[in-house]
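No value in this document is a laboratory result; all are computed from the given coordinates. All of these numbers come straight from a predicted model, not from anything done at the bench. Please note: Cβ atoms are built from the backbone with ideal geometry, for glycine as well, and neighbour counts cover all protein chains shown.
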Amino acid sequence: MAYWTLVDGDWGLVANKTGPTRLGFCLMLKFFEMEGRFPEFIEEFPQPAVEYVAGLVKVPATELAKYDLAGAKRHRKQIREALQFRPATLDDEERLTAWLAVEVCPVELVEDRQREALLVECRARKIEPPGRTRIEKVLVAARNRWEKVFCARTIERLGDIGAARLLALVAEDNEDGAGLLALLKRDPGAVGLDSLLTEITKLNDVRRLGLPEGLFADCSEKLLAAWRSRAIKMYPSDFRDTSEDARITLLAALCSSRQAEITDALVELLVALVHKINARAERRVERQLTAELKKVRGKEGILFKLADAAIGKPDEVVREALYPVVGEKTLRDLVAEAKANEKVFKAKVRTTLRSVTRLVNATFAARDTAWWGQGNACASDSKKFGSWSSNFMTEYHARYGGNGVMIYWHVERKNVCIYSQLKSCSSSEVAAMIEGLLRHCTDAEIESNYVDTHGASVVGFAFTELLNFRLLPRLKNIGSIRLYRPDDDPPGWPALGASLTRAIRWDLIEQQYDQMVKYATALRLGTAEAEQVLRRFTRGGPKHPTYAALEELGRAVRTVFACDYLAAPGLRREIHGGLQVVENWNSANTVLHYGKDGALTGPDKEHAETSMLALHLLQSALVHVNTLLLQQVLAEPAWAKKLSDEDRRGLTALFWSNINPYGTFRLEMDKRLDLAPLLSVPRPRTPADTSDQALAEPR
């Protein structure tokens, strides 16, 4: 409604008007200010705006029906003069036609958008648009003028010889030309040698026309597609019924487009044909292997056992029976190959993991802590990925549905992922959370960890307390949490009566304290994994006393945290903000890891883990480059001053609008990101850096 509000100058224009005239004039004035034209009907005024303006001018809204919109010529003149507009003349229409033909028609083919562009240009020139009929004439004239220019330019580039060849295609009694046009309109058939040869012949026939290179290089793809679509629906007789210039241009657009499309189709046909040949050969080999395997079941296993036995007992009858046929070196190579295959993917995993660690550390070293902070907190969460059913890690996920595996991420508060783990759907997320905090192998010094409700187990609270981490979960089930009392004394908080439960069993914690410290130390030193420790405690039978003590310690820590969580809105905002970071990371996964429907391919854990680390490396590279680009911009004082406190909190390096995950990749080999001054910054951080930063003045 702000656009319909009368300002100081408007009241001076309506001072001497009353009744329906006052209301109609005000509505026409504000309508013209917004639309740049006068309304043709009373119904064009929005009813809420009519009621609003009627209230401003103290005239009933029903009085608008008495206003003579068509006869208000004097009012129109007054409004035009007040807003410094003038009616459109024939010269204006001619200039607008020329402007449309040069600026709009070459790039915009939709008539409604051409009309919108015309109205915007009229407003920019302070001209009242001509009537509806005159506007349509201007649009038609502009399109015709542009079409003539386009046809003339195309014919000039074709030359006399090229134009004559195209005209010959649709000449009467030219069966060869009509046949070529019919072939051009057909798509390639099923994958096969005949389709490939037909497309090659078609491409050669089009190339004989000798269309010049870059014939339509400077026109938009939409324009060329429109002329091609128009031509592909026409018969030779239809071409002959059009003017010669348009006929030549239509044929040129059709042949040029189809030449490029046939070339692309040939590549696809050739690739598909090779795949088909390979598949047919593989099926033939499989049939042969299947036939052979039916003779002796488990032949491959028998061969490996035979090779192992031959090497293990070379001095017995085996030497006389096997070595003359196969040879000792061949058998040794066979066994060595079987053992080496198991190490290939493990080596790939180690190499990729080292690359991720180096890149993440380089990002931490390059970051300006004045903008990004110290990086001492992270959020952890899992995401389900599809995986092959032949992979033994693949399981059905009860919550998300479908088969797959889980990847558990630890993402630092400013969008740097410090650790990733491949887990089965039934594995403990609490164990994964602890492993990531201890094994991330980066320079990040994590003190706090944000988790969702599933990570808020009492055992998780206990182990993070023993390991000197602060566990900060989002308590979705806060209403069902019970607060444990410190002792058996009568509670002094009557308002918490329904929320309180029994006292903490401190004697059990004291009794098992040494054992709890022993398990925590084993986790810290890496002599035991969290998954193994928790599995040992959660086996069937009576509850392990150390596990019961851990639960008691976790209940005490969770009670303290729940009180802080309820009392501190800032803490809740911090936790929600941290978890939003890992959700954003998972959103980026969907964009970057889109191939094969987002599934991790491979029949074993090593394949899936390599894909996971490759995705981790790719996203870390994206964050690294974005960090450098943002710091390059923020190094300029003019940009740095624009950031408010809210902007600083929302500053993130995890955005992907600057990448193209699929489609056409245009590589500009002569350009590169100007990050050389920044790339020299990354280096291992030292305690001196931290102390110097603490003494530095904030920006």
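Once the convex hull of all Cα atoms in the range 353-392 is built, its volume per residue stands at 127 Å³. Can you give me the P(r) profile for the range 404-550? Cα pairs, bins 5 angstrom wide beginning at 0, each as a whole percent. Each 5 Å bin holds this share of Cα pairs: 2, 8, 16, 19, 19, 16, 10, 7, 3, 1, 0. For the range 249-261, the Karplus equation 6.51 cos²θ - 1.76 cosθ + 1.60, evaluated at θ = phi - 60°, returns couplings of 5, 4, 5, 5, 5, 5, 5, 5, 5, 5, 4, 5, 5 Hz by residue, with Gly and Pro reported as x. For the range 178-238, GluC sites (Glu not before Pro) are listed when DSSP marks them as loop and at most 12 other Cβ atoms sit within 10 Å of their Cβ; the list is Glu213. Is the shape of the range 537-587 rounded, prolate or oblate, going by the alpha carbon gyration tensor and its root eigenvalues a ≥ b ≥ c, with a/c under 1.5 for rounded and a/b larger than b/c for prolate? Oblate. In whole angstrom, note down how far apart the Cα centers of the range 61-117 and the range 554-585 are. For the range 61-117 versus the range 554-585, the Cα centre distance is 59 Å.
When you count the other C-beta atoms within 10 angstrom of each residue and take the mean per peptide, 555-561, 271-277, 241-247, 404-410 line up highest first as 404-410, 555-561, 241-247, 271-277.
For the range 340-490, dividing the convex hull volume of the Cα atoms by the residue count gives 164 Å³ per residue. Among the listed pairs Lys148/Lys222; Lys383/Lys543; Lys414/Lys476; Lys30/Lys126; Lys73/Lys126; Lys414/Lys642, those whose Cα-Cα separation exceeds 22 Å are Lys383/Lys543; Lys414/Lys476.
Under Stokes-Einstein, with the Kirkwood radius over Cα pairs as Rh, the value for the range 153-254 at 37 °C and 0.692 mPa s is 228 µm²/s.
With the convex hull drawn over the C-alpha atoms of the range 575-667, the volume per residue is 136 Å³.
When the trypsin sites (Lys or Arg not before Pro) in the range 590-663 are filtered for DSSP coil states and for at most 11 other beta-carbon atoms within 10 Å of their beta-carbon, the remaining sites are Lys641, Lys642. For the range 23-150, the alpha-carbon coordinates run over 57, 26, 21 Å along the three principal axes, in decreasing order.
Starting from the Cα gyration tensor of the range 3-71, take the square roots of the eigenvalues, sort them a ≥ b ≥ c, and report rounded, prolate or oblate (rounded when a/c is under 1.5, otherwise prolate if a/b is larger than b/c, else oblate).
rounded
For the range 421-451, the set of GluC sites (Glu not before Pro) satisfying both a DSSP loop assignment and a count of at most 14 other C-beta atoms within 10 Å is given as Glu445, Glu447.
Each residue of the range 472-479 was assigned a 3J(HN,Hα) from its phi angle through the Karplus curve 6.51 cos²θ - 1.76 cosθ + 1.60 (θ = phi - 60°); the sequence is 10, x, 8, 8, 5, 9, 4, x Hz, with glycine and proline shown as x.
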